[in-house]
1. Among the numbered conditions (1) touching a residue at least 60 places away in the same chain (Cβ under 8 Å); (2) of a type outside the set (Asp, Glu); (3) in a loop (DSSP other than H, G, I, E, B), tell me where Trp88 comes up short.
2. Would you call Thr105 surrounded by fewer than 22 Cβ atoms within 10 Å (Cβ to Cβ) and over 31 Å from the mean Cα position of the chain (by Cα)?
3. Which residues, taken from the range 205-250, are in a loop (DSSP other than H, G, I, E, B) and within 30 Å of Pro188 (Cα to Cα)?
4. Can you tell me which residues in the range 171-188 are over 20 Å from Pro87 (Cα atoms) and either of a type in the set (Asp, Glu) or crowded, with 17+ Cβ neighbours inside 10 Å (or both)?
5. Identify, from the list Thr318, Thr299, the residue that is under 27 Å from Gly220 (Cβ atoms), among the β-branched types (Val, Ile, Thr) and outside the structural domain of Ala223 (by TED's automatic domain parsing).
6. Does Trp382 qualify as being in contact with a strand residue (DSSP E or B) (Cβ under 9 Å, 6 or more places away or on another chain) and assigned to a loop (DSSP other than H, G, I, E, B)?
7. Would you mention how many residues in the range 21-42 are touching an Asp or Glu at 6+ places or on another chain (Cβ under 8 Å), among the hydrophobic types (A, V, I, L, M, F, W, C) and part of a loop (DSSP other than H, G, I, E, B)?
8. I'd like to know if the range 272-285 contains one or more residues that are at pLDDT below 95, on the phi > 0 side of the Ramachandran plot and surrounded by 16 or more Cβ atoms within 10 Å (Cβ to Cβ).
Amino acid sequence: MKHAWVVLCLAAAAQAGPPKPGTIWDASPNFTPSSRESSYNIDSIVIHTTEGVDTNGDGYFSESYTQAISWFNNPAAGASAHYVVAPWGEITQMVADDDIAWHATYYNSRSIGIECAGFAGKAGTWTPELVDALAALVAYLCDAYAVSAVHPAGNAYSYADSKYKGVGLVGHNQVQPWDRTDPGSYFPWSSLVEKVIALLAGEPPATPSIISPAAGAELGSSAVFLDWSWVSGIDYYYVVVYDVWGTAVFDAWPTVSSASASLASGTYSWYVWAHNAAGWSGEASSWFSVSTATPPAPTGLWPKWPDEGWSQSGPSVTLWWDAVGGATNHEVWVEYWDGGAYRYYHSWTTGSGSSFTFWPAAGAKWYRWWVRAKGSGGWGEWSEGAEFWWEP
């Protein structure tokens with residue numbers, strides 16, 4: 001096939017392990033300098049929620065992210081974490097991995113602390129973007145420090161000294177069950193572990209599914225919205241559109257599961273792949289057509305002399321015409337007879353309907369009118385003119 005070159009160009013170089021996802025460095029003053037792993041072995045990753053106050057009520061918990069960063073930058077807080085993850089997947093690092101952050105009391109020296117923006121008691125905390133970013137970060141840390149990608153059972157109360165001994169991916173509530181509940185019952189432990197294991201094993205992402213345009217779709221606009229299913233654990237997609245001659249007329253590398261293209265009239269095929277640290281997914285493809293021709297001139301105008309009803313009376317006149325497929329707007333042009341010639345009276349731009357009502361100002365006169373339609377390709381031709389008589 002003519003798109004085979006894309007597959008060849010998408011081949012990724014082999015990697016020793018999952019890469020560290022992009023982070024923003026914002027140093028916290030709250031940490032204990034160290035030289036882990038020589039001074040302490042890192043064997044666990046502790047997952048927290050930032051909590052805070054959702055004052056704007058947006059349900060997206062963006063404030064919880066910024067509040068946590070601000071708090072960890074305050075020396076009076078006496079708290080910090082190595083990383084803070086935003087609902088949209090952004091990651092801020094605040095303490096170096098080899099230093100000790102202050103996030104889980106007695107468990108600090110052996111662990112990496114990750115704060116997730118949101119609330120332990122709210123399911124909406126765990127957006128796909130946050131969970132995927134968290135999985136990518138955890139996979140990197142597991143590989144870098146030989147942390148087991150498991151979620152151990154129990155909590156501090158499981159041990160005689162009330163100090164948790166489990167290793168791997170741990171909840172804050174397991175370390176301090178007496179006063180902490182995060183990351184909470186909504187946290188997707190099974191999904192996180194599966195994603196991390198897949199990234200560590202080097203498994204490519206699942207193949208996306210086409211949502212729209214579906215196969216054979218006929219679009220009436222040059223503005224084409226390409227949409228496909230979200231695939232977890234990816235770092236970006238590649239989407240490309242070809243015309244009937246196999247020429248790529250649009251391509252993009254989005255991190256979200258959609259893209260917008262501007263296309264001329266024609267028939268197109270399109271393809272999308274997902275990518276993660278392990279490589280590329282299978283190919284999803286479909287085809288569609290775009291028609292941006294201007295609409296035809298409207299017909300069936302009424303009132304129209306000498307057809308029945310050509311003589312109108314009353315305070316208003318309603319002009320009718322046959323509906324035009326694909327029309328988004330209409331323009332109506334009206335003239336009146338002044339005794340010697342037709343003169344311009346008024347013009348109006350209307351919606352997609354096939355009628356228009358106006359209130360003539362000059363009575364006992366002949367009127368003449370036209371209408372034209374507008375579609376995705378612009379304005380079409382004017383209709384033939386129609387005349388009628390009107391008196392109050």
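1. Here Trp88 meets the rest and fails (1).
2. Details: surrounded by fewer than 22 Cβ atoms within 10 Å (Cβ to Cβ): yes; over 31 Å from the mean Cα position of the chain (by Cα): yes.
Taking the combined requirement at face value, the residue satisfies it.
3. Taking the range 205-250 and keeping what is in a loop (DSSP other than H, G, I, E, B), we get 205-209, 213-216, 220-222, 229-235, 243-247.
Across the range 205-250, the qualifying residues are Pro205, Ala206, Thr207, Pro208, Ser209, Ser229, Trp230, Val231, Ser232, Gly233, Ile234, Asp235.
4. The initial filter retains those residues of the range 171-188 that are over 20 Å from Pro87 (Cα atoms), namely 173-180.
Scanning the range 171-188 gives Asn173, Gln174, Val175, Gln176, Pro177, Asp179, Arg180.
5. Values: Thr318 fails: under 27 Å from Gly220 (Cβ atoms).
Result: Thr299 is the single residue among Thr318, Thr299 that is under 27 Å from Gly220 (Cβ atoms), among the β-branched types (Val, Ile, Thr) and outside the structural domain of Ala223 (by TED's automatic domain parsing).
6. Working: in contact with a strand residue (DSSP E or B) (Cβ under 9 Å, 6 or more places away or on another chain): yes; assigned to a loop (DSSP other than H, G, I, E, B): yes.
Criteria met by Trp382.
7. Residues meeting the conditions: 1.
8. Within the range 272-285, one or more residues are at pLDDT below 95, on the phi > 0 side of the Ramachandran plot and surrounded by 16 or more Cβ atoms within 10 Å (Cβ to Cβ).
The values are calculated or read from the model by the stated rules, or taken from the named source; none is laboratory data. In this text, all values refer to a predicted model and were calculated from it rather than measured experimentally. Reconstructed Cβ throughout: ideal geometry from the backbone, glycine too, with neighbour counts over all protein chains shown.
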